[in-house]
Amino acid sequence: MTKDPTLTGEDPDVAAAELALGLLEGEERAVALRRVLAEPGFAQQVERWRLHLAQLFDVWPEVDAPSGVMERVDLALDGPATPPPVTLLRTGRLWPGLAAASSLIAASLLMIVLIRPAPPVPVAVPPKQQPVAAAPARMLVASIDPSAAGKPVTAVYDPVTGGLRLTESTLADANRSAELWVIAADGIPHSLGLLRTSGGTNFTLAGDKRARLAVGATLAISLEPVGGSPTGLPTGPVVATGALSQV
């Protein structure tokens with residue numbers, strides 16, 4: 001079993017990083033996936049690399065607003081300056097009469113302002129929020145490719161119903177059963193059931209099995225005694241693997 005390099009101080013397993021980056025192909029990828037099934041420490045390293053690399057997608061550079069934007073906004077809000085009013089001539093006999101009339105008008109307006117009740121303060125009514133429709137859950141698919149000769153098994157998972165459909169599997173003979181496993185973030189294989197040898201296989205998953213079927217989780221097929229693994233973990237060879245992705 002591979003030791004955890006974060007505890008022993010050893011160099012990290014390069015194969016874990018290469019598997020997380022998708023650099024392995026063919027037999028090298030099959031060997032690494034078999035290690036994921038058999039070595040929890042190696043599976044944890046792969047998951048840590050995936051989480052570390054996923055954080056890089058959140059790093060985006062900030063973009064400053066163009067210069068002069070705030071000045072243009074302030075100018076648009078304030079508007080053009082109002083020209084000063086034209087001053088009336090205060091000479092001649094017309095000015096005293098206009099001054100007296102202006103005083104009477106100002107006094108009348110002051111009385112109206114004092115005795116008129118203050119207008120009610122308008123209460124802002126919050127806009128009615130429209131319900132936001134939830135985005136439909138996207139289907140997950142995986143091509144479970146055999147490590148040797150044989151036809152791949154295609155898996156389609158519907159997160160809404162929990163239905164998992166697989167095409168026909170010809171990986172097992174009459175003396176053995178093909179058992180399907182999922183390896184999620186915990187790095188531990190969990191059985192999903194036995195595959196039929198003809199006509200495809202349908203599962204309806206519930207509970208924690210649904211939570212384990214997510215993007216990046218590995219589906220694997222092992223050959224077990226007739227009726228399935230007696231231990232709850234793979235006992236026979238892992239003959240096919242594939243990772244779940246969205247469509």
Open item on the list: Out of THR161, THR167, I need the residue that is modelled with pLDDT of 80 or more, surrounded by 15 or more Cβ atoms within 10 Å (Cβ to Cβ) and hydroxyl-bearing (Ser, Thr, Tyr). Which one?
Closed with: THR167
Task: Residue list for segment 143-158, filter: farther than 23 Å from THR235 by Cα and surrounded by 17 or more Cβ atoms within 10 Å (Cβ to Cβ) - done: TYR157
- [ ] Go through the residues of segment 226-240 one by one and say whether even a single one is touching a residue at least 60 places away in the same chain (Cβ under 8 Å) and of a type in the set (Ser, Thr, Tyr).
- [x] no
Open item on the list: Against the definition (among the polar types (S, T, N, Q), out of contact with any Ser or Thr (no Cβ under 7 Å at 6 or more places or on another chain), outside the structural domain of ARG29 (by TED's automatic domain parsing) and more than 21 Å from GLU28 (Cα to Cα)), how does THR204 come out, yes or no?
Closed with: yes
TODO: Report those strands (runs of 3 or more DSSP E) wholly inside segment 144-236 carrying at least 3 residues which are more than 30 Å from LEU21 (Cβ to Cβ).
DONE: 201-204
Task: Scope segment 217-232; condition under 20 Å from LEU33 (Cα atoms) and surrounded by 15 or more Cβ atoms within 10 Å (Cβ to Cβ); matching residues - done: ALA217, THR218, LEU219, ALA220, ILE221, SER222, LEU223, GLU224, SER229
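The values are calculated or read from the model by the stated rules, or taken from the named source; none is laboratory data. Since we're looking at a predicted model, the values are computed, not measured. As a convention, Cβ positions derive from the backbone with ideal geometry for all residues, glycine included, and neighbour counts pool all protein chains shown.
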